[in-house]
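The next block holds one structure in the form of structure tokens; read it before the comments.
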Ligand SMILES: Cc1cc2nc3c(=O)[nH]c(=O)nc-3n(C[C@H](O)[C@H](O)[C@H](O)COP(=O)(O)O)c2cc1C
């Protein structure tokens, strides 16, 4: 059984280190996980004025989330939280009221920073948001990636063997978690 996983990168920077991390995860994922990028940069700033008639960008985003089994967030930390562009995308997906796209979709969060706490605070904020939108989250292992120069190249190759092994194992754990959550949801009582 394989699962489609939507990847959300919380950075729009052309040389984003989180985009590099996302590329690495695509390469290191087990065959049971198909990672597909879900772009967030083209979404307008969310307003509830849109709820009556979502624009094409909002509809396309919600369709893309509906088409995946699970969610993988790869985010920078901005001022000890997640970047606005990622929060904006989550707000789009969570509305209009009653049509929350994230509900019951299993998720995992990671991110990289050159800073010493390596996105830990942003990830905690993101976990709080994901709880509210009712996404079951991989609690453990956590994945705080301290970025050092050259750790991941532009093609997503991880240059440090122990980091590569860590990410590979983390994705294996995510696969097991997704299989458990999706399997449990198929039980009828
Ligand atoms: C507005 C802004 C706020 C930032 N705040 C933090 C922070 O709170 N913690 C941190 O570790 N790094 C912070 N940084 C540095 C980022 O970790 C660094 O720019 C990183 O490269 C961003 O990820 P990206 O390359 O994927 O865009 C901040 C950078 C910017 C532009």
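The values are calculated or read from the model by the stated rules, or taken from the named source; none is laboratory data. Predicted model, so just to flag it, every value in this text is computed and none were measured. Glycine gets a Cβ as well: all are built from the backbone with ideal geometry, and neighbour counts include every protein chain shown.
Scanning the range 85-128 for residues that are in contact with a helix residue (DSSP H, G or I) (Cβ under 8 Å, 6 or more places away or on another chain), within 13 Å of the ligand (Cβ to nearest atom) and more than 22 Å from residue 35 (Cβ to Cβ) gives a single hit, 114.
Among the residues of the range 7-40, those that are within 12 Å of the ligand (Cβ to nearest atom) and either touching a helix residue (DSSP H, G or I) at 6+ places or on another chain (Cβ under 6 Å) or part of a loop (DSSP other than H, G, I, E, B) (or both) comprise 9, 10, 11, 12, 13, 14, 15, 16. Applying a threshold of 7 Å to beta carbon distances and a minimum spacing of six or more residues, or different chains, the list of pairs starting in the range 70-84 at a residue that is over 30 Å from residue 2 (Cα atoms) and ending at one that is modelled with pLDDT of 95 or more and more than 10 Å from the ligand (Cβ to nearest atom) reads 81/125. Evaluating residue 46 against the criteria (1) within 16 Å of the ligand (Cβ to nearest atom); (2) over 25 Å from residue 172 (Cβ atoms); (3) surrounded by 13 or more Cβ atoms within 10 Å (Cβ to Cβ) leaves one unmet condition, (1). The sole residue among 85, 109, 189, 117 that is part of a helix (DSSP H, G or I) and either surrounded by 13 or more Cβ atoms within 10 Å (Cβ to Cβ) or at pLDDT below 95 (or both) is 85. The listed residues are 149, 142, and the only one of them that is within 16 Å of the ligand (Cβ to nearest atom), assigned to a loop (DSSP other than H, G, I, E, B) and surrounded by 12 or more Cβ atoms within 10 Å (Cβ to Cβ) turns out to be 142.
Just one of the numbered conditions (1) within 23 Å of residue 160 (Cα to Cα); (2) away from the ligand (no atom under 13 Å from the Cβ); (3) crowded, with 19+ Cβ neighbours inside 10 Å is not true of residue 58: (1).
Of all residues in the range 49-80, those satisfying the criterion of being over 29 Å from residue 172 (Cβ atoms) and not in a helix (DSSP H, G or I) are 53, 54, 55, 78, 79, 80.
The one condition from (1) within 16 Å of the ligand (Cβ to nearest atom); (2) touching a strand residue (DSSP E or B) at 6+ places or on another chain (Cβ under 8 Å); (3) free of Cβ contacts under 8 Å to residues at least 40 places away in the same chain; (4) part of a helix (DSSP H, G or I) that residue 131 does not meet is (1).
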